[in-house]
Each structure stands twice: as structure tokens, then as C-alpha cells.
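The values are calculated or read from the model by the stated rules, or taken from the named source; none is laboratory data. The shown structure was predicted, so the numbers you read here are calculated from the model rather than taken from an experiment. Glycine also receives a Cβ, built like all others from the backbone with ideal geometry; neighbour counts cover every protein chain displayed.
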Amino acid sequence: RDIKFVMDVVVNHSSDEHQWFQESRSSRDNPYRDYYHWWPAENGKPPHRWSFFDAEGDAWQYDSLTNAYYLHYFAEKQPDLKWENPKVRQEVYDIMKFWADKGVDGFRLDAFQFVSKDTT
């Protein structure tokens, strides 16, 4: 049989339990901070963005650890990655290359149409 293996890769967001996000919320100076969209609370509330999962809710979630809001268009446990950061793009490329080198035939990029964000 000629079966191909296509891997599903989520590129729009990560889990809030992922090491990148845990690092990003540990300090405003952490290098991973710029892997996600953060809005400092001292700037006031961020502009309202509708959450895909909560018609009444906002896509910004307050995080008291660093007194800032993070963006999550899906669930609050799925913070959005900041694709404007070249390091994020490189990380995703490296992950996909790792699996391609292992023999994966292709990838389905989940929620890819949502990677571009307007946070103004």
C-alpha cells in the first residue's frame, strides 16, 4: 500500500501549559514574552476582540502574574502565538523540519488562517 502520513500541526496558538507560555508569563523581560500577544494593564483595557468560543466574551485574558492581558481568539487556555516575531516562525519551521526529517509526508496547518492579528 502507498499510505502517506500527514501530521496535524497547530500554528496559531499553544497551550497555556506549554513551556513557551509559562516562560512568557514568568516575567515581562523573559525572551519568550514576545512569542505571544501581551497588553500591559497599565495601558488600560486592550481593544475588545471577540473570542471564537465565547460570543459574550473578550479574546483578551488578564494575567495577574505580570499585570497584563494575553490574546486568545480560541479558548483562554490557548494563547495566540505572535507570528510577527521571526523567532516564532523559526521555531515552527524547526518543529516541522524535525518531523519531515523523520519521514512525515506532509502537514495540515490547523487554524493557519488566524495567525495574522490586529491588536491595535
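Numerical summary
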read-out	value
Filtered residues of the range 69-85 (kept if hydrophobic (A, V, I, L, M, F, W, C), more than 23 Å from residue 108 (Cβ to Cβ) and at pLDDT below 95)	none
Residue that is surrounded by the fewest Cβ atoms within 10 Å (Cβ to Cβ), among those in the range 1-19 that are among the polar types (S, T, N, Q) and part of a loop (DSSP other than H, G, I, E, B)	15
Single condition residue 35 does not satisfy, out of (1) in contact (Cβ under 8 Å) with a residue 40 or more places away in the chain; (2) surrounded by 14 or more Cβ atoms within 10 Å (Cβ to Cβ); (3) over 20 Å from residue 90 (Cβ atoms)	(3)
Some residue of the range 70-87 being at negative phi, charged (D, E, K, R) and over 12 Å from the mean Cα position of the chain (by Cα)	yes
Residues of the range 18-38 that turn out to be farther than 20 Å from residue 73 by Cα and in contact with a Pro (Cβ under 6 Å, 6 or more places away or on another chain), as a count	0
Criterion: over 17 Å from the mean Cα position of the chain (by Cα), free of Cβ contacts under 8 Å to residues at least 60 places away in the same chain and closer than 23 Å to residue 107 by Cα - qualifying residue of 29, 54, 2	2
Yes/no for residue 36 being of a type outside the set (S, T, N, Q) and in contact with a strand residue (DSSP E or B) (Cβ under 6 Å, 6 or more places away or on another chain)	yes
Some residue of the range 86-107 being in a loop (DSSP other than H, G, I, E, B), at pLDDT 95 or above, closer than 17 Å to residue 8 by Cα and among the charged types (D, E, K, R)	yes
